[in-house]
Amino acid sequence: MLITDKVVFVELQKTGSTHIKKTLRDLLGGKNDGKHNVPTEELLSSGKQFMGSIRDPWGWYLSLWTYGCQQQGELFQRLTNPKRWERVLAKINAARNAATEKDGVEEKKQKSMLPANVGAERAKDFYYTDPANAEAFREWLRVVCSPQTRRVVEAGFAQSPIGKIGGLMTFRYFNLFVRGADKIPATVSTQEGLKAFEKDNLIVQHIIRQDCLADDLVKALDSCGVELTDEQRKKIYDAKPTNKSNRPHPFNHYYDAASVDLVARREKFIIDRFGYKRPAV
C-alpha cells in the first residue's frame with residue numbers, strides 16, 4: 001500500500017499494482033506501508049482518496065500460477081506445504097467415501113472437481129514445475145477454484161461466505177477494497193447479496209483496470225485533484241509494464257473451454273462488476 005498526501009493506493013495482487021505504485025511514487029512521493037495491507041480505520045477516515053486496480057479473472061489466475069512457477073508467492077507456499085493439507089485431505093477423502101447416488105448434480109460436480117492425487121506433493125512435482133505445461137495449469141486451477149480447498153488456498157477463505165459463492169480473486173478484492181469484509185454475515189449467500197454489501201461498504205473511489213491502465217490512472221489522478229504536466233502524462237502512457245509474468249506460450253495455450261467456464265462460475269462477481277467478456281478459446 002502506498003500512502004501519499006492526497007492518495008492511498010491499495011494493492012490487489014497481479015493487477016498491475018507494482019507498476020501503478022511505482023508510477024504513483026515517482027509522481028507523488030509518499031511512503032510504502034507493506035505490500036497488500038488492508039487500510040486501517042484511521043487511514044480510511046483521513047479524507048484521502050483511495051485507489052485500487054483490477055484485471056480480468058482469467059488473466060489473473062494465469063498470472064498467479066506463473067508466479068508460483070517461479071517458486072514465489074503465498075499461494076505457492078501454502079499449496080506446497082504438507083501441513084496445510086492434512087485436515088483438508090481428511091475431509092476430501094471422507095466426502096469421496098460418503099458419495100452416494102443420491103447426491104445432487106451440484107454436489108456431484110463439487111466432489112468430482114478435484115484430481116485424485118491432490119496435495120502438497122502434487123503441487124511440488126507437477127503444478128509448479130513447468131510454466132509451459134497447460135495440463136498442470138488446468139489441474140492447478142481446479143484445485144484453487146474448488147470450495148473444498150479454501151482452507152489451504154487462503155487464510156480466512158473457508159470461514160467467509162464468499163468462499164461458497166465466489167473465488168479467490170473475489171475474496172481478495174473484498175478483503176482489500178471493502179470495509180468489513182472479514183465480518184460478512186452468513187446471510188450474504190448470493191451474488192445479489194455480494195453486490196449489495198460491496199455497494200454499501202466499498203472504500204476505493206477509483207479502480208484502475210489493467211487493460212486500460214494508463215487511461216484509468218490519468219483519469220483517477222485528475223479526479224483526485226492531482227495536476228499533471230504534459231511531460232508527466234506522457235511518462236504514464238510511455239511507461240513499460242513492471243513485474244510482467246513471463247510465459248513461453250500465449251493465453252490460448254493454457255485455457256480450454258472447461259477451464260474458462262470454471263473461472264466464469266467462480267468469479268462471476270468480478271466479471272459482472274467490471275463487464276469482462278468471456279475469452280474465446
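Some observations on this one:
- Taking only the C-alpha atoms of region 31-101, the Rg (one decimal) and the largest Cα-Cα distance, Dmax (whole number), read 19.0, 58 Å.
- For the chain, the spread of Cα positions along the three principal axes, ordered from largest to smallest, is 66, 44, 35 Å.
- Förster radius 51 Å - calculated FRET efficiency between Thr229 and Arg96, Cβ distance, rounded to 0.05: 0.25
- Over the chain, dividing the summed -39,500 (n - 2.57) contributions of all DSSP H runs of at least 4 residues by the number of residues returns a 222 nm mean residue ellipticity of -14000 deg cm²/dmol.
- Per-residue HN-Hα couplings for region 87-95 [Karplus 6.51, -1.76, 1.60; θ = phi - 60°; Hz; x = Gly/Pro]: 5, 5, 5, 4, 5, 4, 5, 5, 5
- Mean-position separation - Cα centroids, region 13-38 and region 40-81, in angstrom: 12
- Beta-bridge orientation, the chain: approximately 40 percent antiparallel, per DSSP, counting only bridges with both partners inside.
- Length-normalised contact order of the chain in % [C-alpha pairs under 8 Å, at least 6 apart]: 25
- Inverse mean reciprocal Cα-Cα distance (Kirkwood Rh) of region 21-167, Å: 17.8
- Put a plus charge on the Cβ of each Lys and Arg, a minus charge on the Cβ of each Asp and Glu, and nothing anywhere else: the dipole of region 136-281 about its Cα centre is then about 500 debye.
- Too-long pairs where the Cα-Cα distance tops 30 Å, listed order kept, from Lys14/Lys195; Lys164/Lys219; Lys219/Lys277; Lys195/Lys240; Lys183/Lys219; Lys83/Lys199: Lys164/Lys219; Lys195/Lys240; Lys183/Lys219; Lys83/Lys199
Throughout, read-outs are computed from the coordinates displayed, never taken from laboratory work. Predicted, not measured: the structure shown is a model, and the values here were computed from it. Please note: Cβ atoms are built from the backbone with ideal geometry, for glycine as well, and neighbour counts cover all protein chains shown.
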